[in-house]
Amino acid sequence: MERWATFDCYGTLIDWNGGIGRQLARVFGEGRADELLARYHELEPELQADGKLSYREVLIEAMRRLGAARNKEDALARSLPTWQPFPEVPAALKEARARGWKLAILSNTDRDFIDASMQSLGVPFERAIVASEIGSYKPAHPHWERFFEQTQAPRERHVHVAASLFHDIAPANELSLRSIWINRLGESATPQPTRELHDLSQLADTLDELVPA
């Protein structure tokens with residue numbers, strides 16, 4: 001029987017904070033980058049709340065609210081396709097596939113962005129479900145609902161892998177799904193995931209532990 005692993009992309013597979021932070025430093029200066037990154041994390045869920053804006057529009061509006069000059073408001077949107085995977089990620093995904101896991105991405109983004117990022121990852125995915133095509137952003141549940149509709153994946157043989165407690169682990173718990181929290185920042189887990197890893201180096205072993213072949 002099939003085993004499925006779904007992933008958040010940015011912050012889990014792709015270095016999201018690094019990509020945003022570099023652009024904030026370029027636009028506003030190194031001295032303000034950390035402060036504005038923290039403010040960006042506050043703005044993004046507000047802009048995504050009703051699901052009406054594409055992710056490109058979210059990025060542009062966030063930069064506008066941070067005070068970017070008009071000709072710099074699209075800096076994040078233009079740079080996103082160049083953001084790179086965390087170093088261990090491609091090999092970890094390849095190992096999971098080699099053990100028979102089917103892979104899918106559930107992302108708060110747009111199709112062109114996720115296509116560019118999957119190319120950077122260099123590993124095939126069976127599905128990629130993006131916010132702009134379903135009119136909903138995580139932590140709402142439609143990403144998972146659409147995934148199960150499209151794949152008929154058995155819930156007992158599915159694991160969700162993500163770095164965000166708010167966007168991913170909390171809704172996975174609400175849906176009674178197994179989860180692996182990628183805690184790159186040394187945070188405290190509230191809510192609790194099924195398993196916790198510091199990066200994806202042990203991904204395949206942990207997936208196999210949760211859902212044996």
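The values are calculated or read from the model by the stated rules, or taken from the named source; none is laboratory data. Predicted model, so just to flag it, every value in this text is computed and none were measured. A quick note on method: Cβ atoms are made from the backbone with ideal geometry, for glycine too, and the neighbour counts reach across all protein chains shown. For accessibility, only protein heavy atoms count, side chains too; no ligands or nucleic acids. Shrake-Rupley method; radii C 1.70, N 1.55, O 1.52, S 1.80 Å.
Just going by the charge dipole of the range 137-213, with Lys and Arg at +1 and Asp and Glu at -1 on Cβ, which of Ser164, Leu207, Ala189 is farthest out on the positive end?
Of the candidates, Ser164 comes out farthest on the positive side.
Restricting to bridges with both residues inside the chain, how much of the DSSP beta-bridge set is antiparallel, in percent to the nearest 5? Please list the in-between numbers first.
Numbers: 1 of 22 bridges.
Once the DSSP bridges in the chain are tallied, antiparallel ones form about 5 percent.
How far is it, in nm, from the label point at Glu209 to the one at Glu126 when both lie 7 Å from their Cα along the line to the Cβ?
2.4
Taking Lys94 as the anchor, which lysines have their alpha carbon closer than 29 Å to its alpha carbon, excluding any fewer than eight residues away along the same chain?
Lys102, Lys138
What list of ³J(HN,Hα) values in whole Hz, one per residue of the range 179-186 in order, does the Karplus curve 6.51 cos²θ - 1.76 cosθ + 1.60 (θ = phi - 60°) give from phi, with Gly and Pro shown as x?
After applying 6.51 cos²θ - 1.76 cosθ + 1.60, I find 9, 10, 8, 8, 9, 6, 9, x Hz.
With each label point set 7 Å from Cα along the Cα-Cβ vector, what nm distance links Asp115 and Arg64?
About 2.6 nm, to one decimal.
In cubic angstrom, how much convex hull volume per residue do the alpha carbon atoms of the chain span?
Enclosed volume per residue, from the Cα hull, is 110 Å³.
Please list 3J(HN,Hα) in residue order for the range 76-84, calculated via the Karplus relation 6.51 cos²θ - 1.76 cosθ + 1.60 where θ = phi - 60°; whole Hz, with x for glycine and proline.
5, 4, 5, 8, 3, x, 9, 5, 9
Skip the ligands, DNA and RNA, and give the accessible area per residue of the chain with a 1.4 Å probe, whole Å².
Numbers: 9480 Å² over 213 residues.
Solvent-accessible surface per residue comes out at 44 Å².
Give, as a single signed number, the net charge of other residues whose beta carbon lies under 11 Å from the beta carbon of Asp110, with Lys and Arg counted +1 and Asp and Glu -1.
Working: positive: Arg56, Arg111; negative: Glu57, Asp112, Asp115, Glu133.
The answer is -2.
Given points 7 Å out from each Cα along the Cα-Cβ axis, report the Glu145 to Glu46 separation in nanometres with one decimal.
2.7
Where does helix 55-66 land angle-wise versus the long Cα axis of the chain, in degrees 0 to 90, nearest 10?
40
Calculated FRET efficiency, Thr82 and Ala189, Cβ-Cβ r, R0 45 Å, to nearest 0.05? Present the calculation step by step, with values, prior to reporting the outcome.
Numbers: r = 31 Å, r/R0 = 0.69.
For Thr82 and Ala189, the calculated efficiency is 0.90.
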